[in-house]
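Engineer: Below you will find the structure I want to go over with you.
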Amino acid sequence: MSVPEITRDFLLAHPLPEPEVEGDKRSRGRVLVVARSVDIPGAALLAGLGSLRAGSGILQIATCRSNAAHLGVAMPEAMVIGCNETSGGGIDPESAERLIKLGTDCDAVVIGPGMTDPAAVAELTLAMLRDLNGPALVLDALAFSTLRADEIPQDRVGKIIVTPHSGEMATFLDVRREDVVKNPLQAARRAAAALPAVVAMKGAETYVVAENGEAWLSRNGSIGLATSGSGDTLAGILAGLVARGTEACLATVWAVYMHGQAGRNLTMRHGAFGLLAREIPGEIPAIMHGLSL
């Protein structure tokens, strides 16, 4: 069975919801980014930039306390919340109650960018999955790969989106990375059904798969996107679109396409190598504008 390709024409036929002309920043949605370890302080900034450039109105970032002040200066657009840290340099899972309270007022929550303490990430993510009702959850990196499907609440259809690369998918499915690379669509469908969740299976070609197995294919990527932090920006862009009121599958399709197009635009201007992830979010507003004409 062929998989429909995500193209400009496809997106024009499936537009994003229009923002309210008279609306304020709250009407464009609130995003909470739970990200960053002591060793990878920039991931939260990249995800936050992605969410704002995709059109969300309010950004909050929860991160390790020792880095919070620095992040607040680097990103004055965000409210930054410092959390206690584990001995491994991650956000302490005991912060879950506080983060759940913050997330309740949000439309989308990103968990995972730059987080490096697997046990702590797994405990924190599971607590938020169980007790945080309302917002959609975008699970990136360890927040996805440390999950166990049998622990996930089964009443979150349309509320969970995961964004793995082949290595993270292999860890989640407990298979070899080579098996995922050989058949990424099959792997994505297995994960989508098991969680259930919308899956953005990242790679040279990226598949978006809904909980029921319906799939779309993006060939819009570029080698320039294979750079540190690129995935963090995708998670943020996706959360920004969801916060604006976009349904999970549609938001993922749009985010994947625009992320790829941003890479193409940068490659055309600068060449295939040497792109920086921080450059990606700045391309998104113009891409969205061009797709609304």
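No value in this document is a laboratory result; all are computed from the given coordinates. Quantities reported herein were computed from a predicted structural model and do not represent experimental measurements. In this analysis, Cβ positions are derived from the backbone assuming ideal geometry, glycine residues included, and neighbour counts consider all displayed protein chains.
Engineer: Based solely on its DSSP helices, what 222 nm [θ] is calculated for the chain when runs of n ≥ 4 H residues each add -39,500 (n - 2.57) and the sum is averaged over all residues, nearest 500 deg cm²/dmol?
Structural biologist: When only DSSP H runs of four or more count, the value is -12500 deg cm²/dmol.
Engineer: Which loop-located trypsin sites (Lys or Arg not before Pro) does the range 120-227 contain, where loop means any DSSP state but H, G, I, E or B and the Cβ has at most 14 other Cβ atoms within 10 Å? Write down the numbers at each step before the final one.
Structural biologist: Values: sites: ARG130, ARG148, ARG156, LYS159, ARG176, ARG177, LYS182, ARG189, ARG190, LYS202, ARG219; in loops: ARG148, ARG156, LYS159, ARG176, LYS202, ARG219.
Answer by residue number: ARG148, ARG176, ARG219.
Engineer: Here's another thing I want to ask about it. Sequence gap at least 6, Cα distance under 8 Å: using those rules, report the relative contact order of the chain to the nearest whole percent. Display every interim value, and only then the final one.
Structural biologist: On the way: 661 pairs, mean separation 62.2, N = 293.
Rounded, it is 21 percent for the chain.
Engineer: Moving on to the next point. For the range 139-151, just list the computed ³J(HN,Hα) in residue order, Karplus coefficients 6.51, -1.76 and 1.60, θ = phi - 60°, integers in Hz, with x standing in for Gly and Pro.
Structural biologist: 9, 10, 6, 4, 4, 8, 5, 8, 5, 10, 4, 6, 9
Engineer: For the range 213-221, in order, what is each residue's ³J(HN,Hα) by Karplus, 6.51 cos²θ - 1.76 cosθ + 1.60 with θ = phi - 60°, in whole Hz (x at glycine and Pro)?
Structural biologist: So the Karplus estimates, Gly and Pro as x, are x, 4, 9, 9, 10, 10, 9, 8, x Hz.
Engineer: Pull up the DSSP beta bridges for the range 1-125 and report the antiparallel fraction as a percent, rounded to 5.
Structural biologist: Working: 1 of 15 bridges.
The antiparallel fraction comes to roughly 5 percent.
Engineer: What number, in percent, do you get for the relative contact order of the range 8-77 if the mean sequence gap of Cα pairs under 8 Å and at least 6 apart is divided by its residue count?
Structural biologist: For the range 8-77, the relative contact order is 33 percent.
Engineer: I need the semi-axes of the equivalent ellipsoid of the range 114-201: take the C-alpha gyration tensor, multiply each eigenvalue by 5, square-root it, list largest first in whole angstrom. Let's see the in-between values first.
Structural biologist: On the way: eigenvalues 84, 44, 20 Å².
Whole-Å semi-axes of the equivalent ellipsoid: 21, 15, 10.
Engineer: While we're on this one: Dividing the alpha-carbon radius of gyration of the range 1-90 by 2.2 N^0.38 Å (N being the number of residues), what value is obtained?
Structural biologist: Numbers: Rg = 17.2 Å, N = 90, 2.2 N^0.38 = 12.2 Å.
The reported ratio for this selection is 1.41.
Engineer: Sticking with this structure for a sec: Provide the packing ranking of 116-124, 69-77, i.e. peptides ordered by the mean count of other C-beta atoms within 10 Å per residue, highest first.
Structural biologist: Result, highest mean first: 116-124, 69-77.
Engineer: Taking a temperature of 4 °C and a viscosity of 1.567 mPa s, what whole-number D in µm²/s does Stokes-Einstein yield for the chain with Rh from Kirkwood over alpha carbon pairs?
Structural biologist: Roughly 70 µm²/s, to the nearest whole number.
Engineer: Within the chain, what percent of beta bridges assigned by DSSP are antiparallel, to the nearest 5? Please report the intermediate quantities before stating the final value.
Structural biologist: Numbers: 8 of 32 bridges.
Given both bridge residues lie in the chain, the antiparallel proportion sits at roughly 25 percent.
Engineer: What GluC sites (Glu not before Pro) does the range 239-293 have in DSSP loop regions with at most 10 other beta carbons within 10 Å?
Structural biologist: Here no GluC sites (Glu not before Pro) fit, given the DSSP loop and packing criteria.
Engineer: Here is a follow-up. Quantify how much of the Cα-Cα distance distribution of the range 174-293 extends past 17 Å, in percent.
Structural biologist: I get 57 percent for the Cα pairs in the range 174-293 exceeding 17 Å.
Engineer: Okay, moving on. Determine, from the Cβ-Cβ distance of HIS70 and LEU276 and an R0 of 25 Å, the FRET efficiency 1/(1 + (r/R0)^6), rounded to the nearest 0.05. Can you show the working numbers first?
Structural biologist: Values: r = 19 Å, r/R0 = 0.76.
It comes out at approximately 0.85.
Engineer: Related question: Using a cut-off of 23 Å between alpha-carbon atoms, which lysines can reach LYS159, once sequence neighbours fewer than 8 places away in the same chain are excluded?
Structural biologist: Those lysines meeting the cut-off are LYS25, LYS101, LYS202.
Engineer: Return the loop-located chymotrypsin sites (Phe, Trp or Tyr not before Pro) in the range 242-293 (DSSP other than H, G, I, E, B) with at most 11 other Cβ atoms within 10 Å of their own Cβ; answer none if there are none.
Structural biologist: Answer in residue order: PHE273.
Engineer: A further question follows. For the charge dipole of the range 84-220, defined by +1 on Lys and Arg C-beta atoms and -1 on Asp and Glu C-beta atoms about the Cα centroid, which residue among VAL138, ALA194, PRO118 has the Cα displaced farthest towards the positive pole?
Structural biologist: ALA194
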